[in-house]
Amino acid sequence: MVAVIEARGLTRHFGGLRAVDGVDFRLEQGEIHGLIGPNGAGKTTFVSLLSGRIPVQSGVITLNGEDITHLPAHLRVRKGVAYTFQITSVYPRLTVFDNVALAAQGRGAGDVAAEVAQALSRVGMTGLDQSMAGTLSYGHQRLLEVAMGLALRPLVLILDEPTQGLASGEIDGFKALIRSLVPQTTILLIEHNMDVVMDLADRITVLNFGQVLAVGTPDQIRANRAVQDAYLGGDHAAG
Amino acid sequence: MTDGAKIWTLHLLVLAAVFVAQFLLPPYHATNLARIMVLAVFAMGYNIAFGYTGLLSLGHALFFAAGMYGMGLPVWHLGWLSLPALIAGLVAGGALAGVVGLLALRTAGVSFMIVTLMFAQAGYLTLLYLNTWTGGDEGFVVLSEARVLFGFDLATDTARFITAFTLFAAGLLACLLLVRSPFGRVMVAMRENEERSRMLGYDPFRIKLLALAVSGLYAGLAGAAYGMLFGYVGASFATIQYSILPMLYVLLGGAGTVLGPFLGALLMFYLIDITSNYTDAYLFVVGAALVGLVLFAPKGILGTLRERVWRWLP
Amino acid sequence: MSFGPFLLLALLEGTVMAAVLALTAVGLSLVFGVMRVVNVAHGEFYMLGAVLAWFVTYYLPFPPAIAWLAALIIAPLIVAVIAALTDTLILKRLNYDPEATIVATIGLLYMLQQAALTFYGPDARPVVAPFEWRIQLPWFGYSGYKLFVVLTAVVILAAVWLFMTRSKAGLVMRATQVDRETAQAFGINVDRVYAGTFALGGALAAAAAVLIVPIQQAHYLMGHDPLLLSFIVVIIGGLGSIRGTLVAALVIGLSDGIISMFFSPTLAKIIATLLVALVLVFRPQGLFGAKA
């Protein structure tokens with residue numbers, strides 16, 4: 001398999017706290033890769049390093065073999081690394097159309113309106129384009145967030161807790177949507193909901209105390225003693 | 001009618017009405033209107049930074065003065081004529097805004113307000129300090145030989161009105177095109193959520209710098225035109241008052257609306273003009289208007305109108 | 001006068017300046033520290049203090065010393081009431097939104113200026129010093145009142161410091177500064193703390209003005225320079241840090257006294273304002289503040 005994103009020895013400390021501590025990581029072309037771990041394991045810090053929102057202290061990140069370790073966040077987005085926020089972060093006072101258009105126009109899409117229509121139809125929000133984003137239901141705002149990610153036409157889409165706060169009926173639709181994105185887009189999925197991760201992911205990386213505890217298929221992870229210990233000894237609510 | 005048709009109809013109607021006003025109004029009010037149009041150009045520039053991009057500057061007097069002196073100094077010292085001098089003013093405003101932006105845009109919010117305030121104050125003091133070149137506190141009169149544009153004497157009422165109107169119309173239409181363009185959408189995105197915009201691939205620093213420079217071009221053009229049309233260049237135009245005025249106009253008319261700056265300038269000008277017949281307490285009117293607006297109508301007149309009735313208003 | 005005595009005079013003038021500036025700037029710093037409000041009308045509170053001092057000393061039929069002492073109590077009290085009303089009627093309703101409060105205090109600045117112009121007039125008027133006493137140094141005579149100003153300012157600042165560190169009200173203020181929500185959860189009446197802080201900040205500016213007004217005259221536009229200088233002091237000292245503010249007031253006051261003896265005051269002001277802008281851009285924690 002080809003690695004789209006590869007990280008070696010990635011490290012970020014905050015004072016004495018080793019939020020991310022020498023992580024090696026491979027994201028392979030076309031996979032859905034789950035990233036799990038107890039609260040405070042460093043998941044969000046890790047993807048913030050990948051997306052460039054936090055500068056790396058040491059280690060190397062490559063995108064299709066090109067070193068992007070010191071590339072600013074907005075240029076990584078242009079190169080194809082898209083990030084959707086954990087806390088819904090649409091523009092509430094702009095229309096749905098403008099929200100998605102902002103994503104599409106930035107990479108120089110020829111027909112912005114067509115791109116917007118396509119992205120909205122993929123998440124099932126056709127017809128809502130003139131609504132104010134802030135007036136949408138929470139579930140629709142999460143979908144809008146994904147539509148903005150899609151309109152960027154990314155190589156890699158990083159989804160930070162996408163199903164948080166969704167009703168169980170909405171989660172099934174969401175899973176189908178994610179499945180329909182691969183293999184054109186590679187997905188890195190940070191998720192608390194174990195059922196979703198186990199169901200969707202091809203491979204899973206488990207972080208604990210800023211380090212990689214295990215990497216493997218969902219079945220391997222389920223059977224892994226170290227992972228079980230980390231979860232039982234750590235955050236019981238997770239899982 | 002589509003939204004686009006409604007928008008163009010409204011703005012062209014406003015321009016037509018303003019143009020016709022010069023034939024209907026007595027000379028005193030026509031001159032006022034010329035003054036208001038030039039100040040509205042200044043306020044439109046302020047609106048591009050504050051209303052659309054969310055950059056609350058307290059230093060726009062610096063860019064207005066840059067335009068005024070950028071026009072006036074070459075006329076005085078180098079004998080330049082109207083058109084090149086006006087262009088020099090326009091460029092000076094934009095360039096200075098760009099330079100200030102390179103530094104000030106490393107800060108945000110309250111720090112940005114204070115940094116722009118301090119730069120403007122330093123600019124004002126520099127005008128006083130270099131008084132052999134700038135005329136200091138007293139300023140200087142723009143030579144009448146330079147105040148001729150395409151053969152028209154700008155000291156006459158008609159030529160002054162037409163010139164002010166031309167600049168105003170060009171500024172208004174350019175602003176309308178800008179805010180309805182993809183770049184306008186990105187400016188608003190910066191105002192609404194900078195971090196989100198970064199993660200859509202936009203460099204916030206670059207976008208804000210561009211917006212501030214465009215804003216400075218407007219301010220510079222307005223400053224140059226003000227000096228050229230009314231024949232006087234002075235350091236009082238660089239004081240903090242001239243940073244507050246465009247803010248007041250924009251807040252009153254509606255921040256982030258194309259017509260708001262003109263409406264705000266028009267109403268505020270006449271509010272002060274009318275109240276000064278009864279009382280000399282014009283500072284109180286300005287102060288009370290500022291407090292009243294932030295307390296009771298933070299969106300201004302057109303902003304409120306857009307929220308309630310005309311959702312298509314740009 | 002030879003260089004040595006000249007420098008001594010400059011130092012003395014600088015110390016007076018620093019003392020008054022410290023009082024004014026601590027007021028501004030306190031308000032910013034506790035409430036996160038940049039009060040652009042702070043200079044007008046100073047101006048009001050001076051103008052009220054004129055009214056009090058002019059209309060009270062007392063000898064100068066007592067009239068001035070009365071002004072030192074009455075003027076800050078009235079300004080404190082005005083400040084508390086401003087907080088309750090305007091700032092609180094804006095939810096202390098930083099940008100809106102700046103716009104509102106700019107409005108307040110104009111209103112207070114106009115009020116002073118209307119009721120006090122455009123003239124600069126002197127206030128009689130509480131006592132006349134010249135200290136004769138070997139090289140020149142120096143006003144004893146100016147030294148008294150320094151002393152009084154130090155006493156007031158010490159009182160503020162004791163109030164902030166030792167009294168319950170000071171503790172409550174500092175708790176609110178650190179964490180507004182938690183303070184509220186512990187039953188602290190944040191509204192009252194804010195009104196009190198804003199009143200105290202205004203009162204300090206007014207007190208500074210009462211001290212200075214026998215040296216400079218009262219004028220409705222006199223608030224401009226103290227505002228700018230306080231801004232400079234507070235920013236260079238590190239926003240919201242009282243200790244940094246004091247150090248910066250001393251440095252700025254002294255250097256302003258000395259620099260303006262040797263250089264053009266306009267040039268000194270240009271350098272100072274540019275310095276403030278650059279400090280905010282490159283070292284937002286201030287020159288004397290702890291690293292953020």
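Within the range A:64-82, which residues are touching a strand residue (DSSP E or B) at 6+ places or on another chain (Cβ under 6 Å) and within 17 Å of A:G9 (Cβ to Cβ)?
Within the range A:64-82, A:I68, A:T69 qualify.
Taking helices (runs of 4 or more DSSP H) that fall entirely within the range B:49-167, which contain at least 1 residues that are polar (S, T, N, Q)?
Numbers: elements: B:60-73, B:82-104, B:109-129, B:131-134.
Answer list for the range B:49-167: B:82-104, B:109-129, B:131-134.
I need every pair where a residue in the range A:23-50 that is surrounded by 18 or more Cβ atoms within 10 Å (Cβ to Cβ) has its Cβ under 6 Å from the Cβ of a residue that is of a type in the set (D, E) and not in a strand (DSSP E or B), sequence separation at least 6 or different chains.
Between residues of the range A:23-50 that are surrounded by 18 or more Cβ atoms within 10 Å (Cβ to Cβ) and residues that are of a type in the set (D, E) and not in a strand (DSSP E or B), the close pairs are A:E31/A:D202; A:I32/A:D202; A:P38/A:D235.
Being free of Cβ contacts under 8 Å to residues at least 40 places away in the same chain and within 14 Å of B:C175 (Cβ to Cβ) is true for just one of B:L259, B:L263. Which residue is that? Working first, answer last.
Working: B:L259 fails: free of Cβ contacts under 8 Å to residues at least 40 places away in the same chain.
So the residue among B:L259, B:L263 that is free of Cβ contacts under 8 Å to residues at least 40 places away in the same chain and within 14 Å of B:C175 (Cβ to Cβ) is B:L263.
Going by the conditions given, is B:L13 out of contact with any helix residue (DSSP H, G or I) (no Cβ under 6 Å at 6 or more places or on another chain) and either farther than 21 Å from C:E99 by Cα or buried (at least 19 other Cβ atoms within 10 Å of the Cβ) (or both)? Even if it seems obvious, please write down each step before you answer.
Numbers: out of contact with any helix residue (DSSP H, G or I) (no Cβ under 6 Å at 6 or more places or on another chain): yes; either farther than 21 Å from C:E99 by Cα or buried (at least 19 other Cβ atoms within 10 Å of the Cβ) (or both): yes.
So B:L13 fits the description; yes.
For the range A:53-83, which positions are assigned to a loop (DSSP other than H, G, I, E, B) and within 9 Å of another protein chain (Cβ to nearest Cβ)?
Of all residues in the range A:53-83, those assigned to a loop (DSSP other than H, G, I, E, B) come to A:53-57, A:64-65, A:68-72, A:80.
Selection gives A:R53, A:P72.
May I ask you to list the residues in the range C:265-287 that are of a type in the set (A, V, I, L, M), over 12 Å from C:I252 (Cβ atoms) and within 7 Å of another protein chain (Cβ to nearest Cβ)?
Passing the criteria: C:L267, C:I270, C:L274, C:A277, C:L280, C:V281.
Is it true that some residue in the range B:289-309 is assigned to a helix (DSSP H, G or I), aliphatic (A, V, I, L, M) and free of Cβ contacts under 8 Å to residues at least 24 places away in the same chain? Give the derivation first.
Within the range B:289-309, the subset assigned to a helix (DSSP H, G or I) is B:289-296, B:300-308.
Those left that are additionally aliphatic (A, V, I, L, M): B:289-291, B:293-295, B:301-302, B:305.
When the remaining residues are screened for being free of Cβ contacts under 8 Å to residues at least 24 places away in the same chain, the result is B:291, B:295.
Yes, the range B:289-309 contains a residue that is assigned to a helix (DSSP H, G or I), aliphatic (A, V, I, L, M) and free of Cβ contacts under 8 Å to residues at least 24 places away in the same chain.
Exactly one condition in (1) touching a residue at least 60 places away in the same chain (Cβ under 8 Å); (2) buried (at least 20 other Cβ atoms within 10 Å of the Cβ) is not met by C:S255; state its number.
The failed condition is (2).
For the range C:78-136, how many residues are surrounded by fewer than 22 Cβ atoms within 10 Å (Cβ to Cβ), in a loop (DSSP other than H, G, I, E, B) and either among the polar types (S, T, N, Q) or more than 10 Å from chain B (Cβ to nearest Cβ) (or both)?
13
Among the candidates B:Y226, B:Y242, single out the residue that is in contact with a helix residue (DSSP H, G or I) (Cβ under 8 Å, 6 or more places away or on another chain), at pLDDT 90 or above and within 14 Å of chain C (Cβ to nearest Cβ).
Values: B:Y226 fails: within 14 Å of chain C (Cβ to nearest Cβ).
When all the criteria are applied, what remains is B:Y242.
Name the residue, out of C:A206, C:A195, C:A268, C:A183, that is of a type in the set (G, A, S), under 27 Å from B:L130 (Cβ atoms), out of contact with any strand residue (DSSP E or B) (no Cβ under 8 Å at 6 or more places or on another chain) and assigned to a helix (DSSP H, G or I). Walk me through how you get there before you give the answer.
Details: C:A206 fails: under 27 Å from B:L130 (Cβ atoms); C:A195 fails: under 27 Å from B:L130 (Cβ atoms); C:A183 fails: under 27 Å from B:L130 (Cβ atoms).
So the residue among C:A206, C:A195, C:A268, C:A183 that is of a type in the set (G, A, S), under 27 Å from B:L130 (Cβ atoms), out of contact with any strand residue (DSSP E or B) (no Cβ under 8 Å at 6 or more places or on another chain) and assigned to a helix (DSSP H, G or I) is C:A268.
I'd like to know if the range B:110-117 contains one or more residues that are of a type in the set (G, A, S), touching a Leu at 6+ places or on another chain (Cβ under 8 Å), buried (at least 20 other Cβ atoms within 10 Å of the Cβ) and within 7 Å of another protein chain (Cβ to nearest Cβ). Explain how you work it out, then say what you get.
As a first pass, look at the range B:110-117 and keep what is of a type in the set (G, A, S): B:111.
Those still in the list that are touching a Leu at 6+ places or on another chain (Cβ under 8 Å) too: B:111.
Now narrow it down to the ones that are buried (at least 20 other Cβ atoms within 10 Å of the Cβ): none.
Among the residues of the range B:110-117, not one is of a type in the set (G, A, S), touching a Leu at 6+ places or on another chain (Cβ under 8 Å), buried (at least 20 other Cβ atoms within 10 Å of the Cβ) and within 7 Å of another protein chain (Cβ to nearest Cβ), which makes the answer no.
Just a yes or no: is a residue in the range A:134-154 in contact (Cβ under 8 Å) with a residue 60 or more places away in the chain and within 30 Å of A:G15 (Cβ to Cβ)?
No, the range A:134-154 contains no residue that is in contact (Cβ under 8 Å) with a residue 60 or more places away in the chain and within 30 Å of A:G15 (Cβ to Cβ).
When you scan the range A:99-114, how many residues do you find that are in contact (Cβ under 8 Å) with a residue 24 or more places away in the chain, of a type outside the set (A, V, I, L, M) and outside any loop (DSSP other than H, G, I, E, B)?
Counting residues in the range A:99-114 that are in contact (Cβ under 8 Å) with a residue 24 or more places away in the chain, of a type outside the set (A, V, I, L, M) and outside any loop (DSSP other than H, G, I, E, B) gives 2.
The values are calculated or read from the model by the stated rules, or taken from the named source; none is laboratory data. Everything numeric here is computed off the predicted structure, so don't read it as measured data. Heads up, the Cβs are rebuilt from the backbone with ideal geometry, glycines too, and the neighbour counts pull from every protein chain shown.
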